[in-house]
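Down below is the structure, laid out as structure tokens.
Please treat every number below as a calculation from the coordinates, not as lab data. Keep in mind that this is a model prediction, so the values were computed, not measured. When we count neighbours, we look across all protein chains shown, and the Cβ atoms used for this are built from the backbone with ideal geometry, even at glycine.
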Amino acid sequence: MLPNTRAVEQQEIPPTVISDVTQLNPVTVSEVLVPTTTREIVSAVTRHSGPISIGGSRHSMGGQTATPAGLQIDMRHFDRILAFDSVRRTITVQTGVRWRQIQERIDSANLSVKIMQSFANFTVGGSLSVNAHGRYVGFGPLVSSVRSIKIVLANGDLVDASRDVRSDIFFGAIGGYGALGVITEATLDLVENARVKRHQVTMPIREYRPYFFRRIRDSTAVVFHNGDIYPGDYRTVRAESYIRTSDPVTVPERMVPLGQSYALNRAAIRIVSDWPFGQTMRRVVVDPWRFRGPHVAWRNYIASSNAEELEPASRTGATYVLAEYFVPVERFDEFVPAMRGILRRHRVNVLNVSVRHARPDTETLLSWAPREVFAFVLYYKQNTDTASQRVVGNWTRELIEATLRIGGSYYLPYQLHATQSQFLRAYSRAPEFFTLKKRLDPTNKFRNMLWNKYYHP
Ligand SMILES: Cc1cc2nc3c(=O)[nH]c(=O)nc-3n(C[C@H](O)[C@H](O)[C@H](O)COP(=O)(O)OP(=O)(O)OC[C@H]3O[C@@H](n4cnc5c(N)ncnc54)[C@H](O)[C@@H]3O)c2cc1C
């Protein structure tokens, strides 16, 4: 188990209060089941007539893993690797497994996970259910790397689903936030683990889109890429790429060592979010120091980053939260000033805006990238009192509106500030998804705070 779960696991006392990493959304459930076998899951779903929610590593930030007075199926110990084929480059896992466990299994075969988030702490089930993405160049959401899944439906049936078999369930459950059933197994594609070398360049933001299209988008050499927009004036971006290389590694470890101290990161978070000139300090002092010198590492090293590096020293009184907006690539230059205006007007304490790119996903029902998009990932600090939460709701809805106006969307694992109408405009196939849900789960067994808000059977 990764050490980053410290904050989350403290929440387990009492075990019937389910919280997430932000600590903003405690939900009291009636019972928690921690299965280790499929049979236990089938039996619990069959026998339990009330609401059921499903929890992975609980890094979603709006109550997506729990529903009041429900049964919570905590998947974190349902975590065996069932089959690994290094020749076909596939792996089959129980879905409570975390990316890190997969990396530990496949690294000696010099293979890597094809698509995953920037950190290795998340469960495969939680990642499939949000249809996650990373910084991988040339790919979109996770679904494109999934061969098949098994899922326990509301009636207790254990069903295989893939592009060829029960494809309606496959494309509904991936990105479906636990609404259709418990995904118990997944078979995923793997790729070669390569040595990669960091390349970075800082530029005015107006130059970023042409730079990305000229140098990054179609490159087969670039493995990871993102742009970090410096908050404050939001006019400068540090573009970071990791490019395949045959140079010797400067980082000897094949994966990020477990159990290390992130005290320096914590200090940097405090400086950037709390000091009067913190954002300037970051650009002028912190980042040049963090990203100094040549950096050649294994892909699995970069991909095994631990979310603990973002964890602040305390979340009492104030907490750190993510939000994400998806913008059609051709509208990048329109979104940036709109975002800048909203964040500055509301004096949002933004620590970072990371820009990533995703190829379209025209398959899943709740696709957040029905067309090619840039993703703007905001990491911000907010106070936890009710008034502050209301203020965050206001600017979040403004940002969602700015995104929707130019044909974009927003990400669902974060706080549930979007209105019903914004949700339906962002996810135009939601009615189709809800029809499928009604057919597979007529009594609305599978619930959580996300679906309690947007699904009204
Ligand atoms: C620090 C941080 C960094 C992040 N970086 C990224 C990133 O780079 N890219 C990105 O795309 N996202 C990112 N996220 C968001 C993250 O991908 C999601 O929150 C993801 O759901 C986390 O996985 P989890 O195991 O914690 O899922 P949980 O939060 O536990 O669950 C998420 C949803 O999945 C459902 N679920 C979980 N397991 C199952 C299952 N077996 N069957 C059916 N439903 C299930 C839950 O009911 C819930 O609705 C980040 C979040 C944090 C906190």
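The residues 209, 270, 214, when put in order of fewest to most other Cβ atoms within 10 Å, stand as 214, 270, 209.
Computed from the alpha carbon positions, the gyration tensor of the chain leads to an equivalent ellipsoid with semi-axes of 32, 26, 22 Å, biggest first.
Going from the fewest other Cβ atoms within 10 Å to the most, the residues 85, 164 appear in the order 164, 85. Note on residue 453: lysines with a C-alpha under 30 Å away, same-chain residues under 8 apart excluded, are 150, 381, 437, 438, 445. In the chain, helical runs assigned H by DSSP with n ≥ 4 each contribute -39500 (n - 2.57); averaged across all residues and rounded to the nearest 500, the mean residue ellipticity at 222 nm is -7500 deg cm²/dmol. Neighbours of residue 101, meaning other residues whose beta-carbon lies under 12 angstrom from its beta-carbon, give a summed charge of +2 when Lys and Arg score +1 and Asp and Glu score -1.
With a Förster radius of 35 Å, plug the Cβ-Cβ distance of residue 265 and residue 391 into 1/(1 + (r/R0)^6) and report the FRET value to the nearest 0.05. Efficiency, rounded to the nearest 0.05: 0.85. Under 19 Å from a label point set 7 Å out along the Cα-to-Cβ vector of residue 211, the amide N atoms of the range 237-264 belong to 237-244.
Residues whose amide H falls under 5 Å from that of residue 112, counting only those 5 or more places apart or on a different chain, are 191, 192, 193, with hydrogens built in the peptide plane. Shown for 403, 184, 36, 220: other C-beta atoms within 10 Å of each C-beta, ranked fewest to most, produce the order 220, 36, 184, 403. Over all other residues within a Cβ to Cβ distance under 12 Å of residue 395, the charged ones net out to +3, with Lys and Arg as +1 and Asp and Glu as -1. Once the Cβ-Cβ distance between residue 31 and residue 189 is put in as r, and R0 is 41 Å, what FRET efficiency do you end up with, to the nearest 0.05? Result of the calculation: an efficiency of 0.70.
Residues of the chain were split at every exposed loop site, defined as chymotrypsin sites (Phe, Trp or Tyr not before Pro) in a DSSP loop with at most 14 other C-beta atoms within 10 angstrom, and the longest piece left, sites excluded, is 1-276. Most simply put, the chain has about 90% antiparallel DSSP beta bridges, counting only bridges with both residues inside it. Distance between the modelled labels on residue 314 and residue 69, one decimal in nanometres: 3.7 nm (7 Å Cα→Cβ projection).
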